[in-house]
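A.B. asks: Right, I'll just put the structure down here and ask away after.
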Amino acid sequence: MFSFARVQAQMLADGIDGWLLCDYRGSNALLSHVLDIRRAPTRRAFLFIPKAGEPVLLIHRIDQAFFLAVDHEKRLYSSIVELHAALDALLGGTKRLALDYSPDCEIPNIAFADAGTVEFLRARGYEVVSSADLFQIGAMVWDEAALASHARASAAVAAVKDAAFGFVAEALRAGRRVTEHEVQSFIADALAHRGLEYEGVPVVQVNQHAGAIYYEPPAEGSAVISPGDWLLIDLWAREPGEENVYADIAWVAYAGRDVPTQMQRVFDIVRAARDAVIKALAEAWRLGDTLRGWQLDRVARDLITKHGYGDYFGHRTGHSMGPGKRLHGLGVNLDDFETHDTRRVLPGLGFSVEPGIYLPDFGVRLEVNVHFAPDTGPRVTTPLQTDIVRLL
């Protein structure tokens with residue numbers, strides 16, 4: 001559930017006077033998240049959260065029915081003249097105003113305020129700053145129930161991963177044909193049997209298919225897994241419930257005992273990059289420093305680049321994870337590649353750490369989840385792969 005109290009505490013800490021969420025016909029995904037509404041208004045709507053006091057909703061008179069379930073104070077307007085006067089009265093003595101805006105659109109999933117609204121408010125003398133950290137601290141923090149749900153999902157997902165590798169190993173030992181799609185179906189059935197839900201489909205990638213950052217095996221014609229093959233499995237699931245959190249992991253295996261030298265080398269580099277991110281988080285916590293998403297991406301990316309594989313790491317190092325239906329949350333990503341994520345890695349948040357190297361013949365991605373506990377610092381919450389799984 002969204003926490004206005006956490007947001008207001010963060011505003012006071014950051015010297016922000018208020019946060020104005022602006023929407024037109026459902027244009028701002030954050031407003032619907034904060035207010036927990038399912039229908040988009042037909043006219044402009046504004047939610048103002050002051051640094052102290054109660055939030056206020058400013059809506060068109062025609063749209064009142066869309067907000068019947070919202071308990072906050074509601075102020076109404078009809079004409080644009082009324083709207084401007086109501087905004088002036090609502091914002092009052094506000095000087096430093098947060099909007100759902102990102103300078104240079106560095107963080108697209110927070111950039112919902114249109115340029116005209118930013119210009120309008122700046123012309124009225126407000127200093128406009130980004131609401132990026134305010135939203136994540138209000139919406140993406142894991143409470144005790146969310147953390148407990150994630151722990152249960154983590155145990156279940158890890159068990160399904162082990163069962164999937166066992167399913168492949170048993171087929172190989174028996175000389176029975178087994179395909180990527182069959183393994184994917186095995187994983188999907190096992191997750192459903194445990195009462196878990198998930199977005200999309202589990203990822204099962206063999207040999208050169210593992211060299212693609214994302215791949216879905218087709219029902220017809222998917223690759224057969226044979227002795228000597230490389231296998232990457234990525235799966236994710238959560239318990240049903242809007243306050244619950246996914247567990248999301250990726251592991252790799254070799255269908256043999258003696259792993260080829262290059263495969264072992266690439267695995268070791270990716271493992272070192274993953275562990276360097278975790279170490280950097282722990283060290284920052286120990287020193288009382290606050291890191292930003294882009295800095296943690298650089299930790300992994302620079303290490304992989306130093307070993308000559310920078311051109312083969314084509315995605316961010318990690319994505320936000322938080323309560324709700326999204327596997328990829330709307331908080332800080334570990335990203336200085338797809339975007340330049342300047343959001344702070346704040347206590348209470350969770351995210352994945354998943355560096356990878358993708359070559360023409362095979363690829364390695366090792367994914368774990370991390371929760372940044374306010375009292376004890378960052379903690380890995382999913383199994384940590386330290387060696388390549390041998391299937392034979």
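The values are calculated or read from the model by the stated rules, or taken from the named source; none is laboratory data. None of the values given here were measured: they were computed from a predicted structure. So basically every Cβ, Gly included, is an ideal-geometry build from the backbone, and we count neighbours across all protein chains shown. These accessible areas exclude ligands, DNA and RNA; they are computed on the full protein's heavy atoms, side chains included. Shrake-Rupley method; radii C 1.70, N 1.55, O 1.52, S 1.80 Å.
A.B. asks: Given the DSSP H assignment, sum -39500 (n - 2.57) over each helix run of at least 4 residues in the chain and divide by its residue total; what's the result at 222 nm in deg cm²/dmol, nearest 500?
C.D. replies: Only helices count here, giving -11000 deg cm²/dmol.
A.B. asks: For the peptides 296-305, 217-226, 148-157, 129-138, what is the packing order when you average, over each peptide's residues, the other Cβ atoms within 10 Å and list the highest mean first?
C.D. replies: With the highest mean Cβ count within 10 Å placed first, the list reads 129-138, 296-305, 148-157, 217-226.
A.B. asks: Let me ask you something else. Along the Cα-to-Cβ line of Thr42, 7 Å from the Cα, sits a label point; which residues in the stretch 79-93 have backbone N less than 16 Å from it?
C.D. replies: Counting only backbone N, you get 79.
A.B. asks: Something else now. At a Förster radius of 30 Å, what calculated FRET efficiency corresponds to the Cβ-Cβ distance of Asp88 and Asp14, to the nearest 0.05?
C.D. replies: Once the sixth-power term is evaluated, E becomes 0.80.
A.B. asks: For the chain, report the convex hull volume of the alpha-carbon atoms normalised per residue, in Å³, without decimals.
C.D. replies: Value for the chain: 148 Å³ per residue.
A.B. asks: So, one more: Distance check, please: which entries in Lys279/Lys325; Lys161/Lys325; Lys161/Lys306; Lys51/Lys74 exceed 24 angstrom between their Cα atoms? Walk me through the numbers before you get to the answer.
C.D. replies: Working: Lys279/Lys325 29 Å; Lys161/Lys325 22 Å; Lys161/Lys306 31 Å; Lys51/Lys74 18 Å.
Beyond 24 Å between Cα atoms: Lys279/Lys325; Lys161/Lys306.
A.B. asks: I'd like to know which of Phe267, Phe362, Gly377 lies farthest towards the positive end of the charge dipole of the stretch 256-392, counting +1 on Cβ of Lys and Arg and -1 on Cβ of Asp and Glu.
C.D. replies: Sorting the options by dipole projection puts first Gly377.
A.B. asks: Can you say what percent of the DSSP beta bridges in the stretch 9-154, counting only those with both residues inside, are antiparallel? Round to 5.
C.D. replies: 45
A.B. asks: Charges on Cβ only, +1 for Lys and Arg, -1 for Asp and Glu, centred on the Cα centroid of the stretch 1-127; of Met1, Ser102, Ala85, which one is farthest towards the dipole's positive end?
C.D. replies: Towards the positive end, the residue furthest out is Ala85.
A.B. asks: If you don't mind, there's one more thing I want to ask. Which of Asp143, Asp275, Asp36 moves the most in a Gaussian network model of the chain with Cα springs under 10 Å?
C.D. replies: Of the options given, Asp36 has the highest mean-square fluctuation.
A.B. asks: Then there's this: Work from the charge dipole of the chain (Cβ charges, +1 for Lys and Arg, -1 for Asp and Glu, about the Cα centre) and give the residue of Leu47, Ala237, Ala192 farthest towards its positive end.
C.D. replies: Most positive-ward Cα: Leu47.
A.B. asks: Three principal axis extents, largest first, for the C-alpha atoms of the stretch 257-392, in Å?
C.D. replies: Cα spread of the stretch 257-392 along its principal axes, largest to smallest: 43, 34, 29 Å.
A.B. asks: With the Cα gyration tensor of the stretch 1-97 giving a ≥ b ≥ c as the square roots of its eigenvalues, does the rule (a/c under 1.5 for rounded; else a/b larger than b/c for prolate; else oblate) give rounded, prolate or oblate?
C.D. replies: oblate
A.B. asks: Where does the charge balance sit around Asn333 when Lys and Arg score +1, Asp and Glu -1, over other residues with C-beta under 9 Å from its C-beta?
C.D. replies: Here the charged neighbours net out to -2.
A.B. asks: Still on this structure, I have one more. How much accessible area per residue does the chain have, in Å², with a 1.4 Å probe? Write down the numbers at each step before the final one.
C.D. replies: Details: 16530 Å² over 392 residues.
On a per-residue basis, 42 Å².
A.B. asks: Taking amide H positions as placed in the peptide plane 1.01 Å from N, state which residues far from Val129 in sequence (5 or more) or on other chains have amide H under 5 Å from it.
C.D. replies: So Val129 has HN proximity to Leu97, Ala98, Leu99.
A.B. asks: Same structure, new question: For Glu54 and Asp104, calculate 0.36 nm times their separation in residues minus their Cα-Cα distance, and state this gained length in nm to one decimal.
C.D. replies: 14.9 nm is the gain from fully extending Glu54 to Asp104.
A.B. asks: Based on DSSP, what percent of beta bridges with both residues in the chain are antiparallel, to the nearest 5? Each step should come with its number before you reach the end.
C.D. replies: Values: 40 of 54 bridges.
Around 75 percent antiparallel, to the nearest 5.
A.B. asks: Still on this structure: Could you work out the local net charge near Thr382, counting Lys and Arg as +1, Asp and Glu as -1, over the other residues with Cβ closer than 9 Å to its Cβ?
C.D. replies: On the way: positive: none; negative: Asp248, Glu367.
Taking every Cβ under 9 Å from that of Thr382, the sum is -2.
A.B. asks: Name the residues whose placed amide hydrogens come within less than 5 Å of the amide hydrogen of Val178, ignoring near sequence neighbours (fewer than 5 apart) on the same chain.
C.D. replies: Under 5 Å from the amide H of Val178: Ile225.
A.B. asks: Of all trypsin sites (Lys or Arg not before Pro) in the stretch 9-76, which ones are in loop regions per DSSP and have a Cβ with at most 16 other Cβ atoms within 10 Å? List each step's numbers first, then the result.
C.D. replies: Working: sites: Arg25, Arg38, Arg39, Arg43, Arg44, Lys51, Arg61, Lys74, Arg75; in loops: Arg25, Arg38, Arg39, Arg43, Lys51.
For trypsin sites (Lys or Arg not before Pro) across the stretch 9-76 that sit outside H, G, I, E and B with at most 16 neighbouring Cβ atoms in 10 Å, the list reads Arg25, Arg38, Arg39, Arg43.
A.B. asks: To continue, here is another question. Give me the net charge for the shell around Val270: Cβ to Cβ below 11 angstrom, other residues only, Lys and Arg +1, Asp and Glu -1.
C.D. replies: Computed value for this residue: 0.
A.B. asks: Relative to the present Cα-Cα distance, how much length would full extension add between Ala69 and Asp289 at 0.36 nm per residue of separation?
C.D. replies: Taking Ala69 through Asp289 to full extension adds about 75.1 nm, to one decimal.
A.B. asks: Right, next: I'd like the accessible area for His60, computed on protein heavy atoms only with a 1.4 Å probe and all protein chains in place. Round to 10 Å², please.
C.D. replies: We get 20 Å² for His60.
A.B. asks: Let me check against my output: what whole-number percent is the relative contact order of the chain, with C-alpha pairs under 8 Å and at least 6 apart?
C.D. replies: Rounded, it is 15 percent for the chain.
A.B. asks: What does the C-alpha gyration tensor say about the overall shape of the stretch 1-47? Classify as rounded when a/c is under 1.5, otherwise prolate if a/b is larger than b/c, or oblate.
C.D. replies: Oblate, because a/c is 1.5 or more while a/b does not exceed b/c.
A.B. asks: Of all the accessible heavy-atom surface of the stretch 261-392, with the other protein chains kept in place and a 1.4 Å probe, what percent is carbon and sulfur?
C.D. replies: On the way: 2640 of 5170 Å².
After summing per-atom areas, the C and S share lands at 51 percent.
A.B. asks: Just to check I understand the Karplus step: with θ = phi - 60° and J = 6.51 cos²θ - 1.76 cosθ + 1.60, what whole-Hz values come out for the stretch 204-210, glycine and proline as x?
C.D. replies: For the stretch 204-210, the Karplus curve yields 10, 9, 10, 6, 5, 5, 5 Hz.
A.B. asks: Restricting attention to the stretch 213-269, which trypsin sites (Lys or Arg not before Pro) occupy a DSSP loop and are surrounded by at most 11 other Cβ atoms within 10 Å? Please list the in-between numbers first.
C.D. replies: Details: sites: Arg238, Arg257, Arg265; in loops: Arg257.
Listed in order of number, the matching sites are Arg257.
A.B. asks: Additional query: Between Gln208 and Gln264, what is the label-point separation in nm under the 7 Å Cα-to-beta-carbon projection?
C.D. replies: So the label points at Gln264 and Gln208 sit 2.6 nm apart.
A.B. asks: Let me ask something else about it. Hey, can you list the DSSP H helices of the chain whose Cα span along the axis is 27 Å or longer and whose average Kyte-Doolittle score is at least -1.0?
C.D. replies: Counting only whole DSSP H runs, the qualifying helices are 144-174, 261-287.
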